[in-house]
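Q: One structure, pasted below without further comment.
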Number of protein chains: 2
Amino acid sequence: MERIPILKMGRVLLVTIQVDMHDRLAMTLQDDLTERIVQDRAHGVLIDISSLEIVDSFMGRMIANIAGMARVLDAETVVVGMRPAVAITLVELGMTLSGVKTALNMDTAMAMLMASFADKEHFNGGSQG
Amino acid sequence: MERIPILKMGRVLLVTIQVDMHDRLAMTLQDDLTERIVQDRAHGVLIDISSLEIVDSFMGRMIANIAGMARVLDAETVVVGMRPAVAITLVELGMTLSGVKTALNMDTAMAMLMASFADKEHFNGGSQG
């Protein structure tokens, strides 16, 4: 069965979207990803969309959904590599992806997640002290 | 045009192969990757094949080629997430991927590359001292 691979790097899960998403594939990805967030105790999800040249409302909604699901599982989502044309389309479609962080490249995205993990650790440490 | 995205993480380039490779796509990937190794001064290439359920001699040769090209550009290649069936097929096809390192998951692969970078740094440092 066709699946989008989920790569684990430390506490971060990486998903690279290269193919056109259809309903079934999107559902499988949501299932797999939420499963993996819990199983791997991930704190962050990176969604790379650098190979997407166009995006439709289905794809936009899927990204927003994944971010929402990750959030309630205590993981932060960063969308990486959005092309200018995709940004234009998303906003024109009325999808501002509120609550989803974006980064231009992987290094920035990883740095954002690491900073956010550090804050969390600090907060946890502070509440114990 | 269809392309396989190349993600940069520090000195490592990550390629996730999710789709069936045909000649044209493989050539584009080789061109893009060698270009990026030089441009980003990458020391390592990670090729994730965890979503490949089968592999043919074309794919096997492509992976070996990429590793060879990376090597002459002073970058090490690690193939990540090979499925048992793929390993069986590769060996049956007579492709042992000699000179290509493999790792079961990304964390191990990153650790392998980091260790190899550290050795290189150490060597460079030693030759200067």
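Q: Could you count how many residues in the stretch B:2-13 are in a loop (DSSP other than H, G, I, E, B) and facing another protein chain (nearest Cβ under 9 Å)?
A: 5
Q: Quick check: anything in the stretch B:61-69 assigned to a strand (DSSP E or B) and either more than 13 Å from the chain's Cα centre (by Cα) or over 19 Å from A:M106 (Cβ atoms) (or both)?
A: For the stretch B:61-69, residues assigned to a strand (DSSP E or B) and either more than 13 Å from the chain's Cα centre (by Cα) or over 19 Å from A:M106 (Cβ atoms) (or both): absent.
Q: Follow-up question, since we're still on this one. Of the residues A:L113, A:L97, which is assigned to a loop (DSSP other than H, G, I, E, B), in contact with a strand residue (DSSP E or B) (Cβ under 8 Å, 6 or more places away or on another chain) and at pLDDT below 95?
A: A:L97
Q: Continuing with the same structure: Take the residues in the stretch B:88-115 that are surrounded by fewer than 13 Cβ atoms within 10 Å (Cβ to Cβ) and more than 15 Å from the chain's Cα centre (by Cα), then tell me which one is farthest from B:I49 (Cα to Cα).
A: Step by step, filter the stretch B:88-115, then rank; the result is B:A115.
Q: Mind listing just one residue for me: the one in the stretch A:57-87 that is within 14 Å of chain B (Cβ to nearest Cβ) and at negative phi and, of those, surrounded by the most Cβ atoms within 10 Å (Cβ to Cβ)?
A: Here the answer is A:V80.
Q: Within the stretch A:44-56, can one find any residue that is buried (at least 20 other Cβ atoms within 10 Å of the Cβ), under 24 Å from B:M106 (Cα atoms), modelled with pLDDT of 90 or more and charged (D, E, K, R)?
A: yes
Q: Would you mention how many residues in the stretch A:14-35 are crowded, with 19+ Cβ neighbours inside 10 Å, within 13 Å of another protein chain (Cβ to nearest Cβ) and either in contact with a Gly (Cβ under 7 Å, 6 or more places away or on another chain) or assigned to a helix (DSSP H, G or I) (or both)?
A: 1
The values are calculated or read from the model by the stated rules, or taken from the named source; none is laboratory data. Not measured: the values here are computed from a predicted model. Virtual Cβ from ideal backbone geometry, glycine too; neighbours counted across all protein chains shown.
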